[in-house]
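Structure record follows, encoded as structure tokens.
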Amino acid sequence: MRVEQTPLKDCYIIHNTVFKDNRGYFFESFNQQKFAELTGLDVHFIQDNQSSSVKGVLRGLHFQKGDAAQAKLVRVLQGSVLDVAVDLRKDSLTYGQHFSIELSDESNTQLFIPRGFAHGFVVLSDVAVFFYKCDNFYNKAAEGGLMYNDPQLDIDWKLPAEELILSEKDLVNPLLKDIS
């Protein structure tokens, strides 16, 4: 495992060591001890989630508020996505900034997103299976959203707007300037 700091504080790219041979491949997708040693963060994951989506589906930008905030470790089991993290921590030097990375089943790269961030992804392949670990349980009363096409964020989702498929909920999320 190799950890790379993104431009956003406490947000890390995790590069896994993949062992391949004529049978296929193997890699350790998470090791608590190595993660803590390489990042200095003490995170304990307690919930795993998985989704399957077709090309153009954009899920996000989502976050959990207050005591229900979640850190996430995300990866793609099948296909490829553009994954986006937005720093919503008002006391952060990178508040309002975003980071994006293409994650795929071929790269086996993961992204660690700390508490206090919004997160979303768009499917770039025909189908993608997306998997993530959370360090806090989902709480519907604490869910929040951020408009995916907020001009202040200026996120390049890598697909034309007319190809994006969003839920009704994600089409009415507030702008960053309107989030308290």
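FYI, it's all coordinate maths here, none of it is from the lab. The structure presented is a predicted model; accordingly, all values stated were derived computationally and were not measured. Neighbour counts run over all protein chains shown; Cβ positions are idealised from the backbone, glycine included.
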Consider Ser29 carefully, then state whether it is buried (at least 19 other Cβ atoms within 10 Å of the Cβ), closer than 22 Å to Phe99 by Cα, in contact (Cβ under 8 Å) with a residue 60 or more places away in the chain and not basic (Lys, Arg).
no
State which residue pairs qualify: first residue closer than 15 Å to Gln64 by Cα and in contact (Cβ under 8 Å) with a residue 24 or more places away in the chain and inside segment 77-96, second residue part of a loop (DSSP other than H, G, I, E, B) and of a type in the set (A, V, I, L, M, F, W, C) in any location, beta carbons under 6 Å apart, and separation of 6 or more residues or different chains.
Ala85/Cys11; Asp87/Leu8
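Of the residues Lys158, Lys177, only one is part of a loop (DSSP other than H, G, I, E, B) and not polar (S, T, N, Q); which? Walk me through how you get there before you give the answer.
On the way: Lys177 fails: part of a loop (DSSP other than H, G, I, E, B).
Criteria check complete, one pass: Lys158.
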Considering residues of segment 161-171 that are free of Cβ contacts under 8 Å to residues at least 12 places away in the same chain and within 16 Å of His62 (Cα to Cα) only, the residue surrounded by the fewest Cβ atoms within 10 Å (Cβ to Cβ)
Glu168
Would you check if there is a residue in segment 120-133 being more than 20 Å from Ser29 (Cβ to Cβ), surrounded by 18 or more Cβ atoms within 10 Å (Cβ to Cβ), in contact (Cβ under 8 Å) with a residue 24 or more places away in the chain and touching a His at 6+ places or on another chain (Cβ under 9 Å)?
yes
Would you call Lys158 free of Cβ contacts under 8 Å to residues at least 40 places away in the same chain, farther than 12 Å from Phe63 by Cβ and out of contact with any Phe, Trp or Tyr (no Cβ under 6 Å at 6 or more places or on another chain)?
no
Residue that is farthest from Ser167 (Cα to Cα) [pool: residues in segment 56-89 that are surrounded by fewer than 18 Cβ atoms within 10 Å (Cβ to Cβ) and basic (Lys, Arg)]:
Arg89
Of the listed residues (Ala128, Ala142), the one being closer than 21 Å to Tyr95 by Cβ and of a type in the set (A, V, I, L, M, F, W, C) is Ala142
Against the definition (over 10 Å from the mean Cα position of the chain (by Cα) and under 19 Å from Leu164 (Cβ atoms)), how does Ser92 come out, yes or no?
no
Can you give me the number of residues within segment 35-54 that are among the aliphatic types (A, V, I, L, M) and part of a strand (DSSP E or B)?
1
Considering only residues of segment 1-34 that are of a type in the set (Asp, Glu) and in a loop (DSSP other than H, G, I, E, B), which is nearest to Ser125 (Cα to Cα)?
Glu28
